[in-house]
1. Of all residues in the range 302-354, which are of a type in the set (A, V, I, L, M) and closer than 19 Å to Leu63 by Cα?
2. What number of residues within the range 1-28 are within 13 Å of the ligand (Cβ to nearest atom) and on the phi > 0 side of the Ramachandran plot?
3. With a cut-off of at least 2 residues that are among the basic types (Lys, Arg) and in contact with a Ser or Thr (Cβ under 9 Å, 6 or more places away or on another chain), name the helices (runs of 4 or more DSSP H) lying wholly within the range 1-120.
4. Residue under question is Val127, and the condition is that it be touching a residue at least 60 places away in the same chain (Cβ under 8 Å) and assigned to a helix (DSSP H, G or I); does it hold?
5. Can you report the number of residues in the range 318-353 which are within 26 Å of Ala279 (Cα to Cα), more than 16 Å from the ligand (Cβ to nearest atom) and in contact (Cβ under 8 Å) with a residue 60 or more places away in the chain?
6. Could you give every pair whose Cβ atoms fall below 7 Å, whose first residue belongs to the range 258-275 and is more than 7 Å from Leu246 (Cβ to Cβ), and whose second residue is assigned to a loop (DSSP other than H, G, I, E, B) and small (Gly, Ala, Ser), counting only separations of at least 6 or pairs across chains?
7. Determine whether Gly142 is at positive phi and not aliphatic (A, V, I, L, M).
Amino acid sequence: MQLKNDRYLRALLKQPLDRTPIWMMRQAGRYLPEYRATRAQAGDFMSLCKNPELACEVTLQPLRRYPLDAAILFSDILTIPDAMGMGLYFGEGEGPRFTKQLTDFMDVVQLPVPDPEVELKYVMDAVRTIRRELNGSVPLIGFSGSPWTLATYMFEGGSSKTFSKIKKLMYTEPEAVHILLDKLAQSVILYLNAQIAAGAQSVMIFDTWGGVLTPHDYREYSLSYMQQIVAGLTRHADGRPVPVTLFTKNGGLWLEEIAATGCDGVGLDWTMDIRHARARIGDKVALQGNMDPAILLGTPERIRQEVQAILDGYGMGSGHVFNLGHGITPDVDPEKAGIFIDAVQTFSPAYHMQ
Ligand code: CP3
């Protein structure tokens, strides 16, 4: 089906545009009262993810409020470890936790590679439901965590500040970590290809914790597995490639290497000047980002000023997907998000004049 608004896909392929497309990481989330209501109806967060009708409902909520240029599947990166049997749960007011603890080599060897149409069928059902309901309005982004980022949660048992459990294993039994990363890379390839088959029109890989590694370990433990995934993605049924975006938070030092993986877009956090990022890799890939989500706590004038500065930083022409440099936080006033989106749509046409 022909998309009514394909700006997001055109920007990733660096094709000419009338204005810069925008979506927001975590655009379906707790800053929206309608999200909080649907989540309360579902019970907890994982019950929301596992209910395709409700996952579709929260995916569409931000699109009803704002003229966004893409929808992102409502789910979580930790569905894969959950499908491997680790028992994911979210305690009230806490981050993710697992009922099963991974400690050594044997635990890793025994983990299965999940079949996405069996253990993760609820995700594929959500993708199919969302595509049907979007009805060709905007593209749907599918996603996964990077193998490294998933492995940190699996070994640390949740969020971490020091990553000492997984790093200790890396520096004592590196083969165990590689066996896990390899299994995760295989799982992510199957998972993303299943999302593509179910209807995802682009995919994004979140490497939230790649930036805690040394440059050498980043290449060995994170980037090389993301590269395998990029190489393993299928094309659409009609032969068109599916654009893929890689996002390593705090990865600004390694942009050239990220861009060399064969990805179409590179996500930037706000610690990077997008002008410099474009000078370094902008002839190879599209750039996504990169406003600090905390600016959304500022005044409308401050938000508009920052949008203008980022548009100006990227400069003329296609190849920029406007976004935040990380997820929108629950304390943002939805009206400020609206001001942000409106500013991008109002100011950006000037950067697309021929
Ligand atoms: O962007 C979207 O709107 C799509 C949905 C989405 C969620 N998680 C929903 C969610 C996406 C793309 C993710 C990815 C994700 N999940 C990442 C990578 C991106 C990033 O933020 O760095 C990570 C690291 C996770 C793991 C995760 N899930 C954590 C650490 C938490 C708790 C943090 C928090 O904000 O409370 C979650 C829960 C989660 N995932 C929520 C949402 C909307 C909040 C759950 C709730 O409703 O209470």
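A short reminder: the numbers here are calculations on the coordinates, not readings from a lab. Everything quoted here is computed from the prediction, not taken from an experiment. Quick reminder, even Gly has a Cβ in these numbers, built from the backbone with ideal geometry, and neighbours come from all protein chains shown.
1. Of all residues in the range 302-354, those of a type in the set (A, V, I, L, M) come to 303, 307, 309-311, 316, 321, 324, 328, 332, 337, 339, 341, 343-344, 350, 353.
Scanning the range 302-354 gives Val321, Leu324, Ile328, Val332, Ala337, Ile339, Ile341, Ala343, Val344.
2. At the first step, the residues of the range 1-28 found to be within 13 Å of the ligand (Cβ to nearest atom) are 23-28.
Next, only the ones that are on the phi > 0 side of the Ramachandran plot stay: 26.
Summing the residues that are within 13 Å of the ligand (Cβ to nearest atom) and on the phi > 0 side of the Ramachandran plot in the range 1-28 gives 1.
3. Numbers: elements: 7-12, 33-42, 45-49, 52-65, 105-109.
Fully inside the range 1-120 and qualifying: 7-12.
4. Numbers: touching a residue at least 60 places away in the same chain (Cβ under 8 Å): yes; assigned to a helix (DSSP H, G or I): yes.
Here the answer is yes, as Val127 does meet what is asked.
5. So the first thing to find is which residues in the range 318-353 are within 26 Å of Ala279 (Cα to Cα), and the list is 318-327, 340-341, 343-353.
Those left that are additionally more than 16 Å from the ligand (Cβ to nearest atom): 318-320, 343-353.
Then drop every residue that is not in contact (Cβ under 8 Å) with a residue 60 or more places away in the chain, which leaves 318-320, 344-345, 348-349, 351-352.
Count: 9.
6. Leu268/Gly325; Asp269/Gly325; Trp270/Gly325
7. So Gly142 does not fit the description; no.
Listed here are the residues, each with its yes/no results for (1) surrounded by 14 or more Cβ atoms within 10 Å (Cβ to Cβ); (2) more than 18 Å from the chain's Cα centre (by Cα); (3) of a type in the set (Ser, Thr, Tyr).
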site	(1), (2), (3)
Lys168	no, yes, no
Lys183	yes, yes, no
Leu190	yes, no, no
Asp207	yes, no, no
Leu223	yes, no, no
